[in-house]
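To start, the structure under review is shown below, and the notes come after it.
The values are calculated or read from the model by the stated rules, or taken from the named source; none is laboratory data. Note that the coordinates shown come from a computational prediction; the quantities given were computed from them, not determined experimentally. Every residue, glycine among them, receives a Cβ derived from its backbone with ideal geometry; neighbour counts consider all protein chains shown.
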Amino acid sequence: MGKRSKEFWQAAVEACEGRSVAEVAREVGVPYQTLYTKVHKARKAATPREPESAGEELKRLRRENHVWQRSSKSQKKRRPSSRGTRSEV
């Protein structure tokens with residue numbers, strides 16, 4: 001299967017209006033999950049987002065910071081322990 005054009009994907013996404021993604025995917029010969037992803041992204045981009053308030057932004061940033069801190073802690077390498085005796089060295 002070759003690379004599809006933007007126009008092809010736009011037409012396929014538009015064809016999903018009022019029809020199931022699976023039905024359109026079978027009809028145009030593309031994997032269901034690929035078309036579903038394109039449809040989801042198109043709908044998300046078309047939905048206008050309200051600007052978040054300062055409180056909402058602060059909550060979001062704290063949550064992101066917490067996730068980053070957890071991931072950085074899990075990636076740190078542990079030092080080898082020095083439980084051996086001096087005679088082993």
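So, of the residues in segment 46-61 that are assigned to a helix (DSSP H, G or I) and loosely packed, with under 10 Cβ neighbours inside 10 Å, which turns out to be modelled with the lowest pLDDT?
Ala46
Filter segment 15-45 down to residues that are of a type in the set (Gly, Ala, Ser) and surrounded by 12 or more Cβ atoms within 10 Å (Cβ to Cβ), then give me how many there are.
Qualifying residue count for the region: 4.
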